[in-house]
Amino acid sequence: MLDLLPDLFDNYEEQLHLLAPHYRQYGHKNIFWGEIVTVKCHEDNSKVKQVLAQPGEGKVLVVDGGASNRRALLGDMIAQSAVDNGWSGIVINGYVRDVAALKTMPIGIQALGANPIKTDKRDIGDVNVTVEIDRVIIKPGMMLYADDNGIAVTDEALSLSHLL
């Protein structure tokens with residue numbers, strides 16, 4: 001399968017909410033989906049690191065970094081932890097670093113851009129809280145679907161059997 005979102009919107013348009021189209025692909029998996037876990041943080045990726053160190057089979061981490069471009073909320077070491085723990089993907093309303101390394105990892109990663117500067121580690125942030133990104137309300141337990149066409153969320157899992 002080369003595309004997921006066009007088919008999903010053809011079949012489930014009323015159930016899907018599309019994020020603004022300004023995210024870029026950074027992981028090796030261009031198509032990914034899963035149950036949402038959230039982190040809300042600002043220029044401190046301590047909670048991102050903690051969450052991605054836990055088992056994440058079938059899950060996608062959505063990080064609301066407030067779209068700050070001053071520091072990267074994900075780099076190669078934390079992304080490798082996510083791969084090792086079975087996460088399906090990561091979406092960051094913020095920036096990443098170690099772009100060449102991320103592109104080789106078997107995980108979906110979308111973010112606003114790249115910045116080589118790491119964050120401060122102050123253990124500040126909130127896990128599994130409702131966030132609002134691009135005027136879309138995102139709650140833990142919702143589902144996220146992503147590909148090169150964009151990122152969409154929905155309240156419940158959609159059947160993909162007829163698409164795969």
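A few comments on the model shown:
- Qualifying positions in the stretch 52-75 - touching a helix residue (DSSP H, G or I) at 6+ places or on another chain (Cβ under 9 Å), surrounded by 24 or more Cβ atoms within 10 Å (Cβ to Cβ) and farther than 10 Å from Tyr95 by Cβ: Leu52, Gly56, Leu61, Val63
- Residue that is nearest to Ile138 (Cα to Cα), among those in the stretch 24-39 that are of a type outside the set (A, V, I, L, M) and surrounded by fewer than 20 Cβ atoms within 10 Å (Cβ to Cβ): Glu35
- Residues that are in contact (Cβ under 8 Å) with a residue 40 or more places away in the chain and among the aliphatic types (A, V, I, L, M) within the stretch 61-73 comprise Val62, Ala67, Ala72, Leu73, listed in sequence order.
- Pairs are defined by a Cβ separation below 8 Å, a sequence spacing of at least 6 or placement on different chains, a first member in the stretch 76-91 that is in contact (Cβ under 8 Å) with a residue 60 or more places away in the chain, and a second member that is among the charged types (D, E, K, R); the pairs so defined are Gly89/Lys29.
- Evaluation of Asn85 against (1) loosely packed, with under 15 Cβ neighbours inside 10 Å; (2) at pLDDT 95 or above (one fails), failing number: (1)
- Exactly one residue out of Gln50, Gln15 is polar (S, T, N, Q), within 28 Å of Gln80 (Cβ to Cβ) and modelled with pLDDT of 95 or more: that is Gln50.
- Residue within the stretch 48-60 that is in contact (Cβ under 8 Å) with a residue 40 or more places away in the chain, in contact with a Lys or Arg (Cβ under 9 Å, 6 or more places away or on another chain), aliphatic (A, V, I, L, M) and under 27 Å from Leu2 (Cβ atoms) present: no
- When residues of the stretch 88-107 are limited to those that are polar (S, T, N, Q) and under 13 Å from the mean Cα position of the chain (by Cα), the one surrounded by the fewest Cβ atoms within 10 Å (Cβ to Cβ): Ser88
- Checked against (1) more than 28 Å from Ile78 (Cβ to Cβ); (2) touching a residue at least 40 places away in the same chain (Cβ under 8 Å); (3) assigned to a loop (DSSP other than H, G, I, E, B), His28 passes all but condition (1).
- Only a single criterion out of (1) farther than 20 Å from Gly141 by Cα; (2) touching a strand residue (DSSP E or B) at 6+ places or on another chain (Cβ under 9 Å); (3) of a type in the set (A, V, I, L, M, F, W, C) is not satisfied by Met105, namely (2).
- Only residues that are in a helix (DSSP H, G or I) and of a type in the set (Val, Ile, Thr) were counted across the stretch 38-65, and they come to 2.
- Out of Glu43, Glu13, one residue alone is without any contact (Cβ under 8 Å) to a residue 12 or more places away in the chain and more than 14 Å from Gly89 (Cα to Cα). It is Glu13.
- Condition check for Pro21: at pLDDT below 95, surrounded by fewer than 20 Cβ atoms within 10 Å (Cβ to Cβ) and not in a helix (DSSP H, G or I): yes
The values are calculated or read from the model by the stated rules, or taken from the named source; none is laboratory data. In this text the structure is predicted, and so the values were computed from the model without any measurement. Cβ coordinates were reconstructed from backbone atoms using ideal geometry, including for glycine residues, and neighbour counts include every protein chain displayed.
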